[in-house]
Structures are given as structure tokens and as C-alpha cells.
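Following: one structure in C-alpha cells, then a few remarks.
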Amino acid sequence: MKHEFGKWLMDIAKYLVTAVLLASVFSDIQERWIVYILVSCAIVLTLGWGLWLLRDKKEKEVQ
């Protein structure tokens, strides 16, 4: 279960990157730096949490 949730969180991080790139190309965002900072934090959190869940699963398999 943790493994699948970790993969899901990593997918969410990829979708956030894609959404920000597409939004910055196709729309005129007034305060871009706020959007970039907030989305960057969300990407780091979801990617980090996903990788942590995957790492935890691999350590248990080795032992």
C-alpha cells in the first residue's frame, strides 16, 4: 500500500510540473513568482514524501 501511494505522490509531482509549464506558456499570470514558489514547495513535498515511502519499502525488503 505504501509503495503504491509513494508512486502516486510522485505522479502528482510530475502533474504539477506539467500544469505550471503549460499555464505559464498559455496564460498571462500576473504574479508568477508566487505561483512558482507555491508550486515548487508542493512539488518538493509530494516528491520527497513519495520517495520516502518508496525508500521505506525497499529497506524492509532487504532486511
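Laboratory data are not the source of any read-out in this text; all were calculated from the coordinates shown. These numbers were taken from a predicted model, which means no experiment stands behind them. Don't worry about glycine lacking a Cβ; one is built from the backbone with ideal geometry, like all the others, and counts go over all protein chains shown.
Normalised by the number of residues in the chain, the mean separation of alpha-carbon contacts (under 8 Å, six or more apart) gives a relative contact order of 61 percent. Hydrodynamic estimate: the Kirkwood radius of segment 2-62 over Cα pairs, inserted into Stokes-Einstein at 4 °C and 1.567 mPa s, corresponds to D of 103 µm²/s.
Which residues does the label zone of TRP52 cover in segment 1-43, counting backbone N under 17 Å from a point 7 Å along Cα→Cβ? Zone members listed by number: 2-13, 41-43.
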